[in-house]
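Visitor: Supplied in structure tokens, the structure appears directly below.
The values are calculated or read from the model by the stated rules, or taken from the named source; none is laboratory data. It should be emphasised that the depicted structure is a prediction, and the values quoted were computed from it without experimental measurement. Here the Cβ is made from the backbone with ideal geometry for all residues, glycine too, and neighbour counts use every protein chain on show.
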Amino acid sequence: MTPDSLDFKVNLTNCDREPIHILGNIQPFGFLVTVGADWLISRVSANVEQFTGRSVADLLGTPLADLFMPQALHNIRNRLLMLRGPDAVERLFAQDLIHDRPPFDLAVHFAGDAIVIEAEPCAEEAAEAASLVRTLIARLGQADSINGFIREGARQVRAITGFDRVMVYKFDNEGSGEVVAEALSGGVESFLGLHYPASDIPVQARQLYVRNIFRIIADVKAVPAPIVPQVAPDGTVLDQSLCVLRAVSPIHIEYLSNMGVSASLSISIIVDGKLWGLFACHHHSPRLPSLATRTAAELFGQMFSLMLESRERSETADYESRARAVTDRLMATIAKDADLLTNAEWLGEVIFDTIPADGVAVFVDGAMSSSGLTPSKDQLRAIVSMLNRAAASEVFASDSLQTLLPEAADYSDIAAGMIAIPISRRPRDYVVLFRSEQLRSVRWAGNPEKAIDYGPNGARLTPRKSFEAWSQLVKGRSLPFTHSERRVAEALRVAMLEVLVRLADNAGEERQRATERQELLIAELNHRVRNILALIRGLISQTRDGAQSVESFIGNLESRVQALARAHDLVTRDSWGPARIRDLIEVEAKAFLGQKVAHLKIEGENVLLHPAAFTTLALLFHELMTNAVKYGALSDSGTVELSWRQDEEGSLLIDWEESGGPPVTPPQRRGFGTTIIEKTVPHDLGGQAEIRYRLGGVCAHFCVPSRHVAGVAAEEARDISGLPVPEARRPLLGKTVLLVEDAMIIALDAEDALIGMGAQEVLIAANARNAIDLINQKRIDVALLDFNLGAENSGSVAAVLTERGVPFLFVTGYGSGLDTRRFPEVPVVTKPYGAPQIAAGLSRLPGWADQD
């Protein structure tokens, strides 16, 4: 981003290179302020005085605390800590921002090193909008089909936003789009069914639609407010990709003006991480829904995208299931009557249900038959000749036959695209499905002769002229064949080829042997599937019986199934052969123990286990580790020693010993986890299990019979404690830290940072009373105190810590405005903060020494 970008001149030949994310202007219904790490104002919009009473010159270079009230600034700092990912934006509603001014709604995000704050006057609609979204989402689920679902989505976006026209705009593989659903107010022209070329939405705009899924243009005639300064002293301009107030490209303004549109709103529809389409909303007078309503509409769009993705996957699965039924029908029918393979009319009736087409032609042993819309016999021979020069052993598909065979342009109206299915091993026999030109099925919407005034770039920037441009692009093309249709065609190829091979060989004995092999395979698969289903059913039943709540049931069941899945991955990696015990332990430890993996010490040769024993031990080690983390040595600062060896008969002897944790007593209730530990090895493997609940920790011994042991792997054993890479500096290594913070999300992030700095234990308190109770119960090495705790502060906690000689830091969202005169030597860490800021604060504590 350079100053040259601001001088870029836009026209229809270069609009795909227009730097729309750095236009340097905002829409005037709100104002923008940016600050750096020092919280000094670095940029403001030129209209800031209208909202704040302070001029641009008066604000630039001054602390943000001079403009915003302390509580609002505190709330902004806290909200910044919740931002996750490079494209995250947080919003705050009804904030008392400026003294003696009405409240504002805010949007905050990071743009490089800058904190961007956008504000607009507040409107009290949040609760009503949120309630409306909940109701509408429930109605979406009642739609019978995807088309009905999409139509209902358009109606509901219009209900939320109140715009005159709401369109659902879907992109194809080439980037062109079609209006597939619409919701209109009375007297508004319809665009349903119109198509648009990919150039109508430039590449950089599509990228922004993925990053920033919501866009509002409140008034196309509004004069934008420049951002001051446009170019910073270091030569950079502000990246406005995530800005709510970002101004609008002049090309897009002209496009909307040519349609008579005064306000616009768009919501991206993201499916599988890609831009599936848009909700495009138009209004014929200026319109600005409140930020709360827009946030509700954005939430609706996200839920719509997730539900659409689920429905599309379900429909694809149903479609491919129907296609398999067609394949089975073809195999069974043609095997009885080989002449049906040359009957194009019959083939069309069977195949068109799964691969829609307008005509079908069949070529077998030089004979030709056709049905529906197909080229002439001479033209078909030319197509076969072209196919023989191509890869004849694979399904071949094209939506533009004339690009491969120029003379095909003469009959593109009836056969613009085709999919060819080879049905012999020689380049000769094919079943070819044809699709006619795409324009044959496109209908116009509204009055194509309607008069309209054009802007300086002319008639091209209107829906109907865009349709004409798209028509030129797709002339001679058919609807493309989807990936699912190509997979079905491949299945048909395999099925028909198999039938032909069987008929040609005329070998009944071979068919009988193939049938027997298939039945044997089916029987084996049936046996394995039944065993898996029985295992899963048992897991569900036993986990349910011991669950205290739905959440604990789901969590325990998920962790057990994942343990089995991880073990399954390891044994299938070597084609269902023996797998290494150390791999099993390391994978389970990485997945579940996290930072406490260093407290697990393992010793033993890397023994190879057969699959049955491997999956059984996967559940066993999973339950031992989870119990140790929840109740045993790993719940505190203890350790677990896991060792194994082989006895003289080759049986595997496993020892699990916990120490240094809280006192352990035998369980009063036998849950499913305890049952797994005590009974799976004896029951499933015919081995032995001994469990001892000593006061110092759980000890267990297991014997796995030698028939389950396949040998020892060649590689050397490794120490699992070496898995995580230790950080270079860990100033809190082995220490107990008290963290006082009333915001749960911030507390969780701070806890992660403290553990990353080596803290052995982090004690979290949400208020002063709980904090003082923890001080009385535990030995505290150092503390972090959020000074402002809602209706109270942590001064009383600081006094107790001072009396006991425990060092501590203050944390605050009020910046330098915090009054710490009672504790003048205590360092203050300003939000937002992480490990580097905590370490810097610790270094300022009197007598504190960093530890490597």
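Matching residues to (1) outside any loop (DSSP other than H, G, I, E, B); (2) over 45 Å from the mean Cα position of the chain (by Cα); (3) not aliphatic (A, V, I, L, M):
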| residue | (1), (2), (3) |
| --- | --- |
| D339 | yes, yes, yes |
| E349 | yes, no, yes |
| T354 | no, no, yes |
| A357 | no, no, no |
| V360 | yes, no, no |
| S370 | yes, yes, yes |
| T374 | no, no, yes |
| L380 | yes, yes, no |
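Visitor: Hey, another quick one. Please count how many residues of region 221-265 are at pLDDT below 90, farther than 20 Å from H109 by Cα and not small (G, A, S).
Guide: 12
Visitor: Would you point out the residue of region 734-788, among those that are assigned to a loop (DSSP other than H, G, I, E, B) and over 35 Å from the mean Cα position of the chain (by Cα), that is nearest to A798 (Cα to Cα)? Spell out how you get there, then give the answer.
Guide: Step one: of region 734-788, the residues assigned to a loop (DSSP other than H, G, I, E, B) are 734-735, 741-743, 757-760, 766-767, 778-781, 787.
Still in the list and also over 35 Å from the mean Cα position of the chain (by Cα): 734-735, 767, 778-781, 787.
Values: G734: 22, K735: 19, N767: 12, K778: 16, R779: 15, I780: 13, D781: 14, F787: 9 Å.
Looking at the filtered set, the residue picked out is F787.
Visitor: Taking region 682-709, which residues are part of a helix (DSSP H, G or I) and either in contact with an Asp or Glu (Cβ under 6 Å, 6 or more places away or on another chain) or β-branched (V, I, T) (or both)?
Guide: To start, the set of residues in region 682-709 that are part of a helix (DSSP H, G or I) comprises 682-685, 706-708.
Answer for region 682-709, where residues must be part of a helix (DSSP H, G or I) and either in contact with an Asp or Glu (Cβ under 6 Å, 6 or more places away or on another chain) or β-branched (V, I, T) (or both): just S706.
Visitor: Of the residues L624, L620, which is surrounded by 19 or more Cβ atoms within 10 Å (Cβ to Cβ) and farther than 28 Å from E761 by Cβ?
Guide: Numbers: L624 fails: farther than 28 Å from E761 by Cβ.
It is L620.
Visitor: Only one of R84, R101, R54 is within 19 Å of V244 (Cβ to Cβ), part of a loop (DSSP other than H, G, I, E, B), among the charged types (D, E, K, R) and out of contact with any Pro (no Cβ under 7 Å at 6 or more places or on another chain); which? So that I can check it myself, show each step before the final result.
Guide: Values: R101 fails: within 19 Å of V244 (Cβ to Cβ); R54 fails: within 19 Å of V244 (Cβ to Cβ).
Sole residue among the options that is within 19 Å of V244 (Cβ to Cβ), part of a loop (DSSP other than H, G, I, E, B), among the charged types (D, E, K, R) and out of contact with any Pro (no Cβ under 7 Å at 6 or more places or on another chain): R84.
Visitor: For E189, only one of the following conditions fails: (1) part of a strand (DSSP E or B); (2) touching a residue at least 60 places away in the same chain (Cβ under 8 Å); (3) over 30 Å from I115 (Cβ atoms). What is its number?
Guide: Result: E189 fails condition (1) only.
Visitor: Still on this structure, please answer the following. Can you spot a residue in region 195-204 that is closer than 30 Å to E118 by Cβ, among the aromatic types (F, W, Y), buried (at least 16 other Cβ atoms within 10 Å of the Cβ) and in contact with a Gly (Cβ under 7 Å, 6 or more places away or on another chain)? It would help to see each step written out before you state the result.
Guide: Pass one, region 195-204, residues closer than 30 Å to E118 by Cβ: 200-204.
With among the aromatic types (F, W, Y) added as a condition, the list becomes none.
Checked region 195-204: no residue is closer than 30 Å to E118 by Cβ, among the aromatic types (F, W, Y), buried (at least 16 other Cβ atoms within 10 Å of the Cβ) and in contact with a Gly (Cβ under 7 Å, 6 or more places away or on another chain).
Visitor: Which of the following residues is modelled with pLDDT of 85 or more and either within 21 Å of L652 (Cα to Cα) or exposed (fewer than 14 other Cβ atoms within 10 Å of the Cβ) (or both): I677, I691, I755, I764? First the steps, then the outcome.
Guide: Numbers: I677 fails: modelled with pLDDT of 85 or more; I755 fails: either within 21 Å of L652 (Cα to Cα) or exposed (fewer than 14 other Cβ atoms within 10 Å of the Cβ) (or both); I764 fails: either within 21 Å of L652 (Cα to Cα) or exposed (fewer than 14 other Cβ atoms within 10 Å of the Cβ) (or both).
On inspection, the qualifying residue turns out to be I691.
Visitor: Given the condition more than 19 Å from F279 (Cβ to Cβ), touching a Pro at 6+ places or on another chain (Cβ under 9 Å) and surrounded by fewer than 16 Cβ atoms within 10 Å (Cβ to Cβ), answer yes or no: does some residue in region 163-175 qualify? Before the answer, list the steps.
Guide: First, pick out the residues of region 163-175 that are more than 19 Å from F279 (Cβ to Cβ): 173-174.
The next check asks that each one be touching a Pro at 6+ places or on another chain (Cβ under 9 Å); those that pass are 173-174.
Going one step further and asking which of them are surrounded by fewer than 16 Cβ atoms within 10 Å (Cβ to Cβ), we end up with 173-174.
Within region 163-175, one or more residues are more than 19 Å from F279 (Cβ to Cβ), touching a Pro at 6+ places or on another chain (Cβ under 9 Å) and surrounded by fewer than 16 Cβ atoms within 10 Å (Cβ to Cβ).
Visitor: Among the residues of region 210-217, is any over 22 Å from the mean Cα position of the chain (by Cα) and surrounded by 20 or more Cβ atoms within 10 Å (Cβ to Cβ)?
Guide: To start, the set of residues in region 210-217 that are over 22 Å from the mean Cα position of the chain (by Cα) comprises 216-217.
With the extra rule that they be surrounded by 20 or more Cβ atoms within 10 Å (Cβ to Cβ), the set shrinks to 216-217.
Scanning region 210-217, I find at least one residue that is over 22 Å from the mean Cα position of the chain (by Cα) and surrounded by 20 or more Cβ atoms within 10 Å (Cβ to Cβ), so the answer is yes.
Visitor: Still on this structure, please answer the following. Please find, within region 304-332, the residue that is nearest to R487 (Cα to Cα) out of those that are surrounded by 15 or more Cβ atoms within 10 Å (Cβ to Cβ) and among the polar types (S, T, N, Q).
Guide: So, considering only residues that are surrounded by 15 or more Cβ atoms within 10 Å (Cβ to Cβ) and among the polar types (S, T, N, Q), the one nearest to R487 (Cα to Cα) is T327.
Visitor: If I ask for residues that are in a loop (DSSP other than H, G, I, E, B) and of a type in the set (V, I, T), which ones from region 33-47 would you list? Steps first, please.
Guide: From region 33-47, those in a loop (DSSP other than H, G, I, E, B) are 36-39, 46-47; that's our starting set.
Matches in region 33-47: none.
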